[in-house]
Amino acid sequence: MFQNILVPFDLSNQSTRAFKVALDIAKNYNSKVTLLTCIEGDAWHHKYYDARADAELIKKQKKVSKKYLEKLEMSAKKNNVSIKSQIIASKSVVNDIVNFAKSRKHDLIVIGSHGRTGFDKLLLGSVANGVSQKTKCPVLIVK
């Protein structure tokens, strides 16, 4: 039923829970899992600072994300689940997740219900909600 599962991963506890659920589904359906981390940089840098500062921030975020993703990949391999991960620079996380899932023919997206909180959430809206509204494949939102 589900051959290719996409797990958007933002290093939050919710996305870690979503990964664990996706791992269980993958074991049951012999599915492949793809972890996707979208890195935005800092919106304020785009407006008030030069691009070098933003590029340096993205580089640091990629380094931190890579360490987390490597741990999750090891966990999947221990469970005999095929896994790969990708980190992309993003200007619109929701659109990038939806486009990534569509272009690579994912048939399920497993996403945490909340990642960012506080002021960022008010500015950016809910990624999980946006993905569930815009994608055509099933979305499992994990609390």
19 Å reach of a label modelled at LYS143, 7 Å along Cα-to-Cβ, counting backbone N of the stretch 76-116: 110-116
Residue-span extension gain [LYS62 to LYS78] - 0.36 nm each, minus C-alpha spacing: 3.3 nm
To the nearest 0.05, how large is the calculated FRET efficiency for SER113 and SER92 if R₀ is 30 Å and r is the Cβ-Cβ distance? 0.95
What does the highest-first list of 3-12, 103-112 look like by mean Cβ count within 10 Å? 3-12, 103-112
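A short reminder: the numbers here are calculations on the coordinates, not readings from a lab. All values reported here derive from a predicted model rather than from experimental measurement. Cβ: placed from backbone, ideal geometry, glycine included. Neighbour counts: every protein chain shown.
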